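Read the figures in this text as sums done on the coordinates, not as results from a lab. Just so you know, these numbers come straight off a predicted model, no measurement behind them. Cβ sites come from the backbone with ideal geometry, for glycine too, and all protein chains shown count toward neighbours.
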Amino acid sequence: MGPRGIVLATLALLLGGASTAAVVSIAQAQLEKARAAGVTPAALDVARRSALGMFYSDADTQAALLDAPLPLVVLFWLSVWLAPALVWLVGYDAIAGELQGRTLRYAAPRVRREAFYVGKAASTFASAFATAAAMHGAVWIVLLAQGSVGDPLSALLWGVKFLGALGAITAAWTGVAVLASGLMDTSGSALLAVAGAFAALFFTGFLVPRTVGLDPQLARALLALYPNGYDAWLLSPELGRAAAALLGCLTFAAAPTAAGAAWLARRDI
């Protein structure tokens, strides 16, 4: 990991840890009030659903997360929102940097351009996901030391599940980022191009579907254009929903990668 990766990892650890601690304290305060009032287990479930509702409005997802350690739920939710920023900073120059430095010309005789592109996409994903995983690992250690996650084995299993879902979302953003980078010739233009592509997905797949009066079918179709929107379904106990979300993420990862590799193979460098 280079200097930029070390800086990113440090920022992710600090931001993720501080944000998780702040949001968890708010959510757990609601549960502690309910316990102090001597409410029934059923009422505690209602309070826990209310806390989970701060992050996920889908009832099925709330039900699936009732047994999950709340700090890990918060950590996952924050990580999903941080994923585009991590991928953007790690991968904006994945291809454009090679084109700007003319290094691809020297690599071309020894490796096919398609393989070079796929390798760059894979390394970008690995760097971004490793940074996120490091943040999760550090927070896990602190939470386990504090006894804030209950049974350690259950917490570990939930942690692996959350990391798997985060990996799928990170792969989706990586596919888009590396394609946008490959369309540019310089790192500076790629930085803006990746940011523009991500902003377009956020606007089209997150903001527009929530517009009042929008046709419900059109809104559902637009929601599929935003990788972060798959997080709730990835955690769903319904196999069909989880599979559909995974397929959506893999499509975001694979389709732009295939298009970018084909473009790089044909362009003049």
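Details
- Peptides 234-246, 72-84, 199-211 ordered by average Cβ neighbours within 10 Å, highest first: 72-84, 234-246, 199-211
- Residue 122 versus residue 255: modelled label distance in nm, points set 7 Å from Cα along the beta carbon direction: 2.4
- Distance between segment 145-222 and segment 74-142 - C-alpha centres, whole angstrom: 14
- One decimal place: the segment residue 244-residue 54 gains 66.0 nm when fully extended, by the rule 0.36 nm per residue minus the C-alpha distance.
- Of the Cα atoms belonging to segment 117-198, the radius of gyration and Dmax stand at 16.6, 51 Å.
- Extending 7 Å from the Cα toward the beta-carbon at both residue 114 and residue 224 defines two label points whose distance is 2.6 nm.
- Förster radius 30 Å - calculated FRET efficiency between residue 130 and residue 103, Cβ distance, rounded to 0.05: 0.85
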